[in-house]
Amino acid sequence: MLLALHAEWTKLRTLPGTGWLLLGVVAATVIISAAVSASVSCSSTAACHVDVTKLSLTGTYLGQAVVAIVAVLAVSGEYATGMIRTTLAAMPRRTTVLAAKAAVVTAVTLAAGTAAVLGSVLAGRLILPGHGYTPANGYPALSLANGTVLRAAAGTVLYLGLIALLSLGIAAAVRDAAVAIGLVLGLLYLFPILTQVAGPGVARHLQQIGPMTAGLEIQASTGLRSLPIGPWAGLGVLAAWAAAALLAGGLLLRRRDA
C-alpha cells in the first residue's frame, strides 16, 4: 500500500495542472466568499442575512467544482494517456490502486480546503463588521473559538474532501473526464434547481437527499431546528453518496479491462 501511495502521490504532483487547480480551489472559494461578504449590508434600511457563518463560506459553491475537476483528472488522465495499463501492470490489485488514489486526492483536497476555509472566514471577519454585522446589531465577530463557527469551518473542509471522493468514484466508473465532470456537477447542482420548482414537501425531501443540499447544511449556524436535515446528518448523506460512487467505481475497475 505504501508503494501505491508513493506512486499516486508522484503522479499527482507531477501533473502540470494539479498545483494550479489546487490554488484555484483556494482562490475561487476565498474570492467568492469575500465578494459576497462585501456585497451584503445590515442596517435599518437593509435586511440582514441571518447566518453570517454560512454567508462567509459562500465560495464553497464554486470551490467544490474545482475540487471535482482535480479528482476526476486524477483518474481519467491515466485513461486518456493509456498510462492506466502501466499502473495496473505494476499494481495488479486494482482496489489498492483506487484506494491509494482516493487517499492522495483526499489529502491534497483537505489541505487546499483548509486554506480556502480559513481564508474565507478571515475575509468575513474583516469585511462583515464594516457592513453592519457588528456585536451591537447582534452579530459577534466570526471566530474559530466559537464552537458553531468551528463546526461549520471544519465541516466545510470535510465536505470538500467528500466531494473529491464522490468525483473520484464517478471518474473510475465512467473513465472519460468530460462525462465524469458533467455527471458530478449535474448531481451537485441539479437538486438545488429541482427544489426551486417542486412543491414544499417534495422540495424538503430533495434537500434531504441531495449531496450538495444536504452536505452544505454543515455550514448552518442558526435555525438548526428548522433545517431539512441536521448539519452532521447532512454531511453523512454526502458521505453515503461518496461511498456509493467509490463502490461502483471499484467494482467496475475490477471487472473491466484497462
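Only residues that are among the polar types (S, T, N, Q), surrounded by fewer than 19 Cβ atoms within 10 Å (Cβ to Cβ) and either under 9 Å from the mean Cα position of the chain (by Cα) or assigned to a helix (DSSP H, G or I) (or both): list them for the range 146-178, please. Even if it seems obvious, please write down each step before you answer.
Step one: of the range 146-178, the residues among the polar types (S, T, N, Q) are 146, 148, 156, 167.
Adding the requirement that they be surrounded by fewer than 19 Cβ atoms within 10 Å (Cβ to Cβ) leaves 146, 148.
Result: THR148, single match.
Is there a residue being closer than 30 Å to THR96 by Cβ, in a helix (DSSP H, G or I) and not aromatic (Phe, Trp, Tyr) anywhere in the range 25-35? I'd like the intermediate steps shown before the answer.
Restricting attention to the range 25-35, the residues satisfying the condition of being closer than 30 Å to THR96 by Cβ are 25.
Next cut, in a helix (DSSP H, G or I) only: 25.
Those left that are additionally not aromatic (Phe, Trp, Tyr): 25.
Checked the range 25-35: at least one residue is closer than 30 Å to THR96 by Cβ, in a helix (DSSP H, G or I) and not aromatic (Phe, Trp, Tyr).
Kindly indicate whether LEU128 is within 30 Å of VAL72 (Cβ to Cβ), part of a helix (DSSP H, G or I) and touching a Ser or Thr at 6+ places or on another chain (Cβ under 7 Å). Steps first, please.
Details: within 30 Å of VAL72 (Cβ to Cβ): no; part of a helix (DSSP H, G or I): yes; touching a Ser or Thr at 6+ places or on another chain (Cβ under 7 Å): yes.
The answer is no for LEU128.
Results for (1) under 26 Å from THR213 (Cβ atoms); (2) of a type in the set (A, V, I, L, M, F, W, C); (3) surrounded by 20 or more Cβ atoms within 10 Å (Cβ to Cβ), shown as yes or no for each residue.
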position	(1), (2), (3)
LEU3	no, yes, no
VAL26	yes, yes, yes
THR29	yes, no, yes
SER39	yes, no, no
VAL70	yes, yes, yes
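For the range 179-217, give me each residue that is in contact with a helix residue (DSSP H, G or I) (Cβ under 7 Å, 6 or more places away or on another chain) and outside any helix (DSSP H, G or I).
Listed by number, the residues that qualify are ALA198, GLY210.
Which of (1) under 13 Å from the mean Cα position of the chain (by Cα); (2) at positive phi; (3) not charged (D, E, K, R) is the odd one out, the single condition GLY223 does not satisfy?
The failed condition is (1).
Inside the range 242-256, can you point out the residues that are more than 14 Å from ALA171 (Cβ to Cβ) and of a type in the set (D, E, K, R)?
ARG254, ARG255
Using the structure shown, decide if THR222 is out of contact with any Gly (no Cβ under 6 Å at 6 or more places or on another chain) and more than 29 Å from ALA99 (Cβ to Cβ). Spell out how you get there, then give the answer.
Details: out of contact with any Gly (no Cβ under 6 Å at 6 or more places or on another chain): yes; more than 29 Å from ALA99 (Cβ to Cβ): yes.
So THR222 fits the description; yes.
Only one of TYR133, TYR139 is more than 14 Å from VAL67 (Cβ to Cβ) and surrounded by fewer than 23 Cβ atoms within 10 Å (Cβ to Cβ); which? Outline the logic, then answer.
Values: TYR133 fails: surrounded by fewer than 23 Cβ atoms within 10 Å (Cβ to Cβ).
Exactly one residue qualifies, and that residue is TYR139.
Give the residue, chosen from LEU251, LEU235, LEU227, LEU246, that is surrounded by fewer than 20 Cβ atoms within 10 Å (Cβ to Cβ), within 24 Å of ALA99 (Cα to Cα), modelled with pLDDT of 85 or more and of a type in the set (A, V, I, L, M, F, W, C).
That would be LEU251, the only listed residue that is surrounded by fewer than 20 Cβ atoms within 10 Å (Cβ to Cβ), within 24 Å of ALA99 (Cα to Cα), modelled with pLDDT of 85 or more and of a type in the set (A, V, I, L, M, F, W, C).
For the range 159-205, how many residues are within 23 Å of ILE229 (Cα to Cα) and charged (D, E, K, R)?
1
The values are calculated or read from the model by the stated rules, or taken from the named source; none is laboratory data. Since the structure is predicted, the reported quantities are computational estimates derived from the model, not experimental observations. In this analysis, Cβ positions are derived from the backbone assuming ideal geometry, glycine residues included, and neighbour counts consider all displayed protein chains.
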